[in-house]
1. Suppose we filter the range B:198-213 for residues that are of a type in the set (D, E, K, R) and within 19 Å of residue B:266 (Cα to Cα); how many remain?
2. Listed residues A:125, A:136, A:167; which is out of contact with any Ser or Thr (no Cβ under 7 Å at 6 or more places or on another chain) and touching a residue at least 24 places away in the same chain (Cβ under 8 Å)?
3. Of these, B:278, B:237, which one is modelled with pLDDT under 95, surrounded by fewer than 22 Cβ atoms within 10 Å (Cβ to Cβ) and either under 25 Å from residue B:343 (Cβ atoms) or small (Gly, Ala, Ser) (or both)?
4. Pick out, from the range B:106-186, the strands (runs of 3 or more DSSP E) lying fully within it that include 2 or more residues that are over 18 Å from residue B:245 (Cβ atoms).
5. Among the helices (runs of 4 or more DSSP H) confined wholly to the range B:1-81, which include 3 or more residues that are within 14 Å of chain A (Cβ to nearest Cβ) and at pLDDT 95 or above?
6. Can you pull out every residue in the range B:59-82 that is surrounded by fewer than 18 Cβ atoms within 10 Å (Cβ to Cβ) and hydrophobic (A, V, I, L, M, F, W, C)?
7. Please give the number of the condition residue A:361 fails out of (1) closer than 21 Å to residue A:188 by Cβ; (2) in contact (Cβ under 8 Å) with a residue 40 or more places away in the chain.
8. With the requirement that a residue be in contact (Cβ under 8 Å) with a residue 60 or more places away in the chain, closer than 25 Å to residue B:7 by Cβ and touching a helix residue (DSSP H, G or I) at 6+ places or on another chain (Cβ under 9 Å), what does the range A:22-41 give you?
Protein chains: 2
Amino acid sequence: MLNFTHHIPTIVYFGKGQVSALEPELKKRAGKVLIVTGQGSVKKNGIFNHVIRQVKKADVPYVELSGIKPNPRLKSVYRGIEICKKESVDFILAVGGGSVIDASKAIASGVKYDGDVWDFFAGDVKPTDALPVGTVLTLAATGSEMNGNTVITKEDTMRKLAFGSPVIRPVFSILDPEYTYTVNKYHTAAGVVDIMVHVFEQYFSHTPASDVQDRIAEALLKVCVKYGPIVCEKLHDYDARANLLWTGSLALNDLIGQGKQEDWASHAIEHELSAIYDISHGAGLAIVSPNWMRYVLSRNTVHKFVEYGIKVWNIEKDRSEMDIANEAIHRTEKFFKSLGMPTTLKEVNISDEHFEKMAKSAIEDWGEIGSFKKLTEKDIVQILNASL
Amino acid sequence: MLNFTHHIPTIVYFGKGQVSALEPELKKRAGKVLIVTGQGSVKKNGIFNHVIRQVKKADVPYVELSGIKPNPRLKSVYRGIEICKKESVDFILAVGGGSVIDASKAIASGVKYDGDVWDFFAGDVKPTDALPVGTVLTLAATGSEMNGNTVITKEDTMRKLAFGSPVIRPVFSILDPEYTYTVNKYHTAAGVVDIMVHVFEQYFSHTPASDVQDRIAEALLKVCVKYGPIVCEKLHDYDARANLLWTGSLALNDLIGQGKQEDWASHAIEHELSAIYDISHGAGLAIVSPNWMRYVLSRNTVHKFVEYGIKVWNIEKDRSEMDIANEAIHRTEKFFKSLGMPTTLKEVNISDEHFEKMAKSAIEDWGEIGSFKKLTEKDIVQILNASL
């Protein structure tokens with residue numbers, strides 16, 4: 001286990017009706033609020049009304065920024081920053097999924113910075129301050145509600161970049177499983193895949209003796225394997241929604257990654273896909289991740305796949321190591337498929353047209369890709385070709 | 001899963017040499033520090049010197065309270081409060097294990113209260129403020145380094161009571177696995193038992209669909225089962241010390257108990273034992289916990305023992321439910337024994353002399369005992385008799 005600092009101060013209000021925590025939280029923290037939302041679903045399903053009722057009870061004035069798209073764009077972030085400055089906003093409330101929260105965090109850091117907020121994403125500067133952000137989460141997937149990360153796409157170059165900083169970790173997040181009921185089957189399944197691949201990125205590592213992190217990682221994967229099919233069958237299953245919602249937060253709040261070398265190659269590759277093609281992040285990961293697994297599987301990495309196969313998929317221990325590893329990868333892909341996710345690029349109409357460009361751009365954006373196995377441009381092209 | 005609020009703001013500095021985090025933390029937070037220690041081990045093994053070097057680097061004046069005993073006494077808490085008031089202390093640094101940290105937390109809350117600090121333990125009043133507490137942990141067991149609980153014994157009546165409040169949750173804790181190297185085999189084993197029983201108290205519950213919490217609980221138990229024997233064999237094994245240290249914190253920082261009904265009957269019974277006999281808490285739990293398990297096992301509870309047996313002890317699924325449950329309890333007791341822990345009261349020279357009194361006092365102190373199975377005085381006497 002490597003040294004680490006563990007600090008997850010976000011207050012999570014978890015469960016039915018927890019939106020009522022908004023009133024006291026806003027009263028305590030906010031003078032004027034920017035409420036950030038996505039493409040209208042929270043207005044249709046009534047969640048926005050619940051939120052507004054609380055904001056009014058707290059008697060805090062607010063302004064709105066709506067229309068944040070999946071794979072949120074820098075332009076929306078600029079617009080948010082402008083509103084905050086003009087309206088003297090001192091608190092940002094994100095009501096939505098990962099895209100809305102990520103946009104909110106970017107706005108929060110941009111308001112307190114004199115330069116271009118893109119500098120943070122480009123890695124030129126680190127933010128030192130941000131407006132406080134609270135969230136009302138409507139999708140189990142992102143982890144953004146409990147961590148200090150944000151991912152934004154710059155539309156002119158189609159670069160999709162991330163940065164992480166403790167100053168943008170939400171101060172509170174409201175997680176009501178019923179607020180995820182109206183997410184349709186496709187996006188629910190994409191969320192499950194996203195959670196699982198978040199775990200993979202931290203689980204597949206050469207750091208020795210990180211048993212605590214790894215057993216917890218397997219615990220989270222088992223919850224996904226159990227409840228993924230249940231929720232896709234019955235979108236209003238409270239137990240399934242609750243377990244997946246909480247798993248999504250714990251999968252990417254630092255708990256299972258700290259003290260380990262992390263990988264993130266599948267995400268690096270997927271970001272290139274969803275920057276250009278605007279496919280759902282979870283769908284992109286369902287395609288890329290099993291092919292990444294197959295590509296990095298070797299005598300040097302097989303032990304970790306064996307652990308994964310036995311502990312998560314209950315594969316019989318008496319088979320050969322390579323056999324267990326291949327079976328584990330096969331089951332992963334089959335599981336994604338069973339949830340209705342695509343597992344080939346063909347299914348989402350992506351050809352090999354931009355593979356070389358994407359591989360180059362991934363290396364440019366991330367510097368180094370992969371630590372479980374370091375990937376070159378050629379490696380990335382091969383993984384993409386295998387994903388066709 | 002029940003509704004819950006998750007808020008664990010303690011900053012944990014985990015790993016070799018993390019004592020260096022003390023200097024900036026104290027500089028930022030402290031005007032004058034009370035350093036609380038136990039019965040001298042940290043002065044013998046050099047940890048105290050490391051700490052003092054940091055305190056001096058931070059250039060913060062300090063006073064000392066040493067001599068805190070296991071099962072810490074109210075008298076020491078009063079002494080600490082007196083020192084803090086007289087010396088205008090504004091920060092408490094606990095250097096030691098659970099007893100030292102618990103005493104420090106009690107002092108921290110007492111300083112900010114005009115009445116008798118025992119009021120908090122008696123349940124008459126809730127603390128609303130406390131001095132900030134930081135810890136340098138030297139024993140994997142307590143969980144106190146990341147939670148808001150404290151347990152103190154009032155010597156005149158030998159009542160051992162607890163209270164919990166967010167105001168006494170440590171602001172930071174330094175967890176260096178090497179700082180636990182000098183804990184001897186007996187106390188190391190007692191620590192492993194303590195961690196496991198903390199998990200049991202939260203795991204054995206009738207709350208349905210708490211999969212996230214339960215799979216994580218099993219993860220923590222598996223780490224104990226793997227590394228308990230290794231560390232007892234080799235006290236300086238870094239990997240074992242690191243995994244157990246981190247497991248101890250996660251086992252009792254709210255993560256696995258929130259959203260569930262918790263039990264705590266084994267602790268209620270053990271507290272009566274260690275209040276009167278001053279035996280090690282972990283040793284008391286090694287005796288009581290398996291007998292509690294046997295006593296509460298019924299058709300109504302067997303499913304949870306089956307889950308425990310299959311997932312933690314890899315017992316074959318094709319045996320009958322009762323068979324798996326009994327085997328799981330048997331393996332638990334055998335495991336404690338294999339670590340060198342007592343599993344009968346006879347081994348620690350405790351007779352049935354005070355059983356009736358202890359049972360009565362437990363009910364008095366805790367109000368209601370057990371939620372997995374609610375226990376009466378008679379039940380407690382029977383569990384104690386079975387533990388002879």
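1. Here the count works out to 1.
2. A:136
3. Details: B:237 fails: modelled with pLDDT under 95.
That would be B:278, the only listed residue that is modelled with pLDDT under 95, surrounded by fewer than 22 Cβ atoms within 10 Å (Cβ to Cβ) and either under 25 Å from residue B:343 (Cβ atoms) or small (Gly, Ala, Ser) (or both).
4. On the way: elements: B:133-137, B:149-154, B:159-164, B:172-175.
Fully inside the range B:106-186 and qualifying: B:149-154, B:159-164.
5. B:22-29
6. B:63
7. Single failed check for residue A:361: (1).
8. Residues satisfying the conditions are A:22, A:25, A:26, A:30, A:33, A:34, A:35, A:36.
The values are calculated or read from the model by the stated rules, or taken from the named source; none is laboratory data. These numbers were taken from a predicted model, which means no experiment stands behind them. Cβ atoms come from the backbone with ideal geometry, glycine included; neighbour counts cover every protein chain shown.
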